[in-house]
Amino acid sequence: MAWLPAALCDRGAVPLDAATAPSGSILLQRATAATLARGSFHEVYRSEQRDSAGGIDVTREVGDVSFRHRILRLTVSEQLSEMRHGRRQMVFSATQQVVAVGDHGARMPQSGFWVCAGGFRVAAQAPPALIALRSDQIGAVLNLGAATAGGQPVWQVRVTGTRQAGTQREPYVAFELVSRRDGTLRREVFHSRFQRGRVRVDQSTTIDYSAYGEAVHAGLPAHCQEP
């Protein structure tokens, strides 16, 4: 899949010395270990789906996750627009607060009232998304070299493969930016293209990670806590 994200780095990757630079696979293993050692992170997530019929679905998440203490606190928003009669129209827009502690969660939609939400499982040991590593089949993992992102020195790792999406497999390409200072994952950019019925969909996702190891505080409303 020939695709490169815009503004992935402040400065493009510098060719590496294959004899001394760590491999892409080793860098991702280090990123997972470094994240587990810190126990929490702040994330800024943005995912956009554009379909061939003109639909654009944008989801944003901003918040904190502590997998050591199994706490999650996010602000989630979604906007869906479509082309109608030659003009783009907003057909859906919503923002909600989400908190989870262990296996219990709650969300506050725009109504302003907390609603208990089941099905949450904040894993006790889980690294950041590492989307590429969650896929069914990894094709190639390549360290593209040293770069700079957000003023921070990073390794730029490119991952390609396929993953299951409904009844079909979809190809993807992901770029993982791993800190050259402490080995943590700093940015993840992911792209895939798939069919949804007769409509072709391009999905692009960017996740920025920061504030590793900082305390995360969140509590469930009383009526959503375990009796």
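Assorted remarks:
- Rg and Dmax of region 31-71, both derived from C-alpha coordinates alone, stand at 15.2, 45 Å.
- Net charge of the neighbourhood of Val199, taken over other residues with C-beta under 11 Å away and scored Lys/Arg +1, Asp/Glu -1, is +2.
- Gyration tensor verdict on region 12-213 (Cα atoms; rounded if a/c is under 1.5, prolate if a/b is larger than b/c, oblate otherwise): oblate
- Applying both filters, DSSP loop and at most 13 other Cβ atoms within 10 Å, to the chymotrypsin sites (Phe, Trp or Tyr not before Pro) of region 30-120 gives Phe113.
Where a number appears in this text, it was derived from the coordinates with a stated rule and is not lab data. Because the structure is a prediction, the values reported are computed rather than measured. Heads up, the Cβs are rebuilt from the backbone with ideal geometry, glycines too, and the neighbour counts pull from every protein chain shown.
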